Amino acid sequence: MAESAKILTLPAGELRLQPNGDRPKRILIVDAAVACLAKQGLKKTSVEEIAASAGVSRATLYRIFPGGREAVLTAVVETELARFFSRLAVAMGSAESMEEVLVAGIHHGGTQLLDHPALQTMMVTDPEIIIYVVNFEQLDHTIATAATFAEPFFTRWLEPKASRRAAEFAVRVMVSHLIDRDQTVDLTSEASVRTLVRGFVLPGVEALKDQE
């Protein structure tokens, strides 16, 4: 598989946002790259277009990202993952019940992914890359990463082993609806997600708790 596909998967927990003197321009370039991806997809996004969109020279881009296009795209993945999990942590951290943490995780996680302009464009322009990310091997890795993030939010109500199982179960439910796009469940609707949680996810989590 091409390097452009491999950059979309990172080791669990590996979010390398290193502070440095070029941080403002670094983020400017990353955000410009996201805008380019949203406009035309991955294959058509070049270093020159990213630099122009960021309002910096090609030389400045290479000074901040010596690896060029692949380095910028890797930074995009790292930055967007950090933003995704940060927003999700705020939503799940404010939950006051098991139901609320499940609704917050599935609703906010699903909504961020479905509403992400770059991801939505790439599903049309670069479907083979999305397929690579959601194949069985990579999908298991992605689910494990998300479950590791979500697990601590369940420990207020569950023992550690049950928390891990509950987190992974909830992530798998969300991912299955993202991939299959079941028309009966709208992940961008809190009411629809709450119905899913009450009717299927919460009973499943309770069953997992009983296995302790």
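The values are calculated or read from the model by the stated rules, or taken from the named source; none is laboratory data. All values reported here derive from a predicted model rather than from experimental measurement. Cβ coordinates were reconstructed from backbone atoms using ideal geometry, including for glycine residues, and neighbour counts include every protein chain displayed.
From Leu42, Leu88, which residue is in contact (Cβ under 8 Å) with a residue 60 or more places away in the chain, among the aliphatic types (A, V, I, L, M) and in a helix (DSSP H, G or I)?
Details: Leu42 fails: in a helix (DSSP H, G or I).
The conditions single out Leu88.
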For residues that are crowded, with 17+ Cβ neighbours inside 10 Å and at pLDDT below 90, tally how many sit in the stretch 108-129.
2
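Tell me, which helices (runs of 4 or more DSSP H) wholly within the stretch 124-212 include 2 or more residues that are basic (Lys, Arg) and on the phi < 0 side of the Ramachandran plot? Working first, answer last.
Details: elements: 127-133, 136-150, 160-180, 190-196, 202-210.
Because the criterion is at least 2 residues that are basic (Lys, Arg) and on the phi < 0 side of the Ramachandran plot, the helices (runs of 4 or more DSSP H) in the stretch 124-212 that meet it are 160-180.
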Those residues that are crowded, with 18+ Cβ neighbours inside 10 Å and touching a helix residue (DSSP H, G or I) at 6+ places or on another chain (Cβ under 8 Å), I need them from the stretch 57-79; list them, please.
Leu61, Ile64, Phe65, Arg69, Val72, Leu73, Ala75, Val76, Thr79
From the list Ala54, Ala12, which one is farther than 24 Å from Gln138 by Cβ and either surrounded by 14 or more Cβ atoms within 10 Å (Cβ to Cβ) or at pLDDT below 95 (or both)?
Ala54
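Only one of Thr184, Thr111, Thr155 is polar (S, T, N, Q) and within 21 Å of Val34 (Cβ to Cβ). Can you tell me which? I'd like the intermediate steps shown before the answer.
Numbers: Thr184 fails: within 21 Å of Val34 (Cβ to Cβ); Thr155 fails: within 21 Å of Val34 (Cβ to Cβ).
Just a single option satisfies the conditions, and that option is Thr111.
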Per the filter on the stretch 177-209, residues more than 17 Å from Glu99 (Cα to Cα) and surrounded by fewer than 12 Cβ atoms within 10 Å (Cβ to Cβ) are Ile179, Asp180, Arg181, Gln183, Thr184
